[in-house]
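The values are calculated or read from the model by the stated rules, or taken from the named source; none is laboratory data. The model shown is predicted, which means the values in this text are computed figures rather than measured ones. Every residue, glycine among them, receives a Cβ derived from its backbone with ideal geometry; neighbour counts consider all protein chains shown. Each accessible area value is taken on the protein alone, full model and side chains, heavy atoms only, with ligands, DNA and RNA left out. Shrake-Rupley method; radii C 1.70, N 1.55, O 1.52, S 1.80 Å.
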Amino acid sequence: MPELQGIGVSPGSAAGPVQRLAPPPAIPPRRAVISAEDEKAAFRAAVASVSADLTRRADTARDETAAEVLRAQVFMAEDETLVDAVLELVDAGADAPRAVTDALAVHRAAFEAAGGYLAERASDLDDLRDRIVAACLGLPMPGVPDPGHPFVLVARDLAPADTAGLDPATVLGLVTAEGGPTSHTAILARTLGIPAVVRCAGILDLPDGMLVSLDGTSGTVETGVSAGTAAGVKAAEVAARLGRAASTCPGRTADGHPVALLANIGSAKDLTGEVEGVGLFRTELLYLDRTEPPSRAEQVAAYRSVFTALPGRKVVVRTLDAGADKPLPFLHMAGEPNPALGIRGLRVARQAPDVLSTQLSAIAEAAEGTEADVWVMAPMVTTPSEASDFAASCRSAGLRTAGVMIEVPAAALRAGAVLRGVDFLSIGTNDLSQYTFAADRMCGDLAELLDPWQPALISLIAACAAAGAEAGKPVGVCGESAADPHFALVLAGLGISSLSMAPRSIPAVRESLAAHTLDECRQIAKAALAADSPESARAAAYR
Ligand code: PEP
Ligand code: MG
């Protein structure tokens, strides 16, 4: 069986049966109605099988909230008004898929008109429609599959919300045909500790159930492996995980120069094992899929659960990073011709200042009475005045330590001026690459431009580190490049003081730093900076 090659984006190995994520079914152009009775029977059978599937999922759901949503969907599927509406449409000449689509569109409009909780449930109706239509057409169920056993999830690509709901106990690995190394799918896979490969041509041709083994570092996927090989891969991965979890000492070079190794998290759930602290708390996960922003009380609870878990340790909270590849319905930002260059990150506060001020005061309230060392930073800052305005807002909310992310080349080029108004910088190399190389971070075809070893990116990081050294203020890196054990040597050599990454990437970075002195790191950084291609920069570090 052939070996497929993609880009490894979340380390670790996995093996198991393929289970494909089916896309929502396309409603076919009105199909010739065989007979109204056949269409009605197809609809009834589809409702019965969808209800049975949802009930089974509800009975085995990990938490009660998820179970309630699923039971509510069963209730809606079997609702008499809906059933009658579909049957009437069939009597009027529609086929079952069209009748279901039209009847549920009426329900959806009513939910939206009712507002509040019901409006938030409108997307559940879309999911229900897709499920019933797929069952009517004999297509696989859309969404993350639940075959009742662990599997390797295969998809064209995943929406952030799909990935956020993945259970690492059942999703052994993840392989997508599209996506890029810095896409949110890749980031969430790393956060969840699920080995993942993206841009893997040919993966969608594999049938459900075929045993595959994947390597989330090299990006290879072996297809049609034997059950014995799959069992061996699983055992080796468990042993590697235990080994990695064992080492928790702080980051330092061989000669003792400290480089804090911090965790990137989306919620308290991601805090697996001991960490020195959190260098990037991505708060937008709390806002995903919402038609209204989370209430202040809900935010306080979410932030406090992280702060109380880390007494005496640093937690860098990033304020809402919405827009571009993280659209949020309640901000009504649709229709921008070029969203990555539009109202995103801190710029959202220009249009919705309350969202930022509520968030800052919720962070301050959550920090009260906890022993965490709470730092706050804003994403997508471009000018020194944006930075100092943000710091002023933090201070008036009672937050002492305010910083900004460096994701825009303009801010990197003027890092010294930006630093004058804030206490620290944190370089987001994912976006800094995207904006420096004019290369969409979601575009796997441009992966070589998004390579952190690109010397132009290294120059911008060096400029920020130098500004930090001059001002005596810390400059960290929290983009995905910090998780590369060799690139970490370059960063340490440039004078970066903390590296923040998915928790499972920390042990390999710790080992790499511990094997090199600060002077060696400086030599490596100097050679990488002098290189004129990513290949020669890498060669400098691997010598
Ligand atoms: C980055 O851009 O490097 C970063 C850490 O932010 P995000 O990936 O959440 O945009
Ligand atoms: Mg970013």
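Summary of computed values
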| item | result |
| --- | --- |
| Longest to shortest principal axis, alpha-carbon extents of the range 330-434, angstrom | 44, 35, 22 |
| Å² per residue, accessible surface of the chain at 1.4 Å | 41 |
| Burial ranking of peptide ranges 6-19, 452-465 (average Cβ count within 10 Å, highest at the top) | 6-19, 452-465 |
| Accessible-area composition of the chain, carbon plus sulfur, in percent [1.4 Å probe] | 56 |
| P(r) weight above 27 Å for the range 230-378, C-alpha pairs, percent | 37 |
| The range 347-450: trypsin sites (Lys or Arg not before Pro) in DSSP coil with no more than 13 other Cβ atoms inside 10 Å | Arg400 |
| Tilt relative to the chain, helix 227-246 - C-alpha long axis, 0 to 90 degrees, to 10 | 40 |
| Overall Cα dimensions of the range 315-368, principal axis frame, Å, largest first | 42, 21, 16 |
| Relative contact order %, the chain, counting alpha carbon pairs below 8 Å whose residues are six or more apart | 14 |
| Relative packing of 216-223, 251-258, which averages over residues the other C-beta atoms within 10 Å, highest first | 216-223, 251-258 |
| Entries in Lys326/Lys526; Lys269/Lys473; Lys326/Lys473; Lys234/Lys269 that, when Cα-Cα distance is taken, lie over 27 Å | Lys326/Lys526; Lys269/Lys473; Lys326/Lys473 |
| Mean Cβ neighbour count within 10 Å, used as a protection proxy, ranking 264-275, 130-141 highest first | 130-141, 264-275 |
| For the range 394-488: Kirkwood Rh in Å [reciprocal of mean 1/r, alpha carbons] | 13.7 |
| nm² value of the averaged projected area, convex hull over the Cα atoms of the chain | 25.9 |
| Principal-axis tilt of helix 518-530 within the chain, Cα atoms, nearest 10 degrees | 70 |
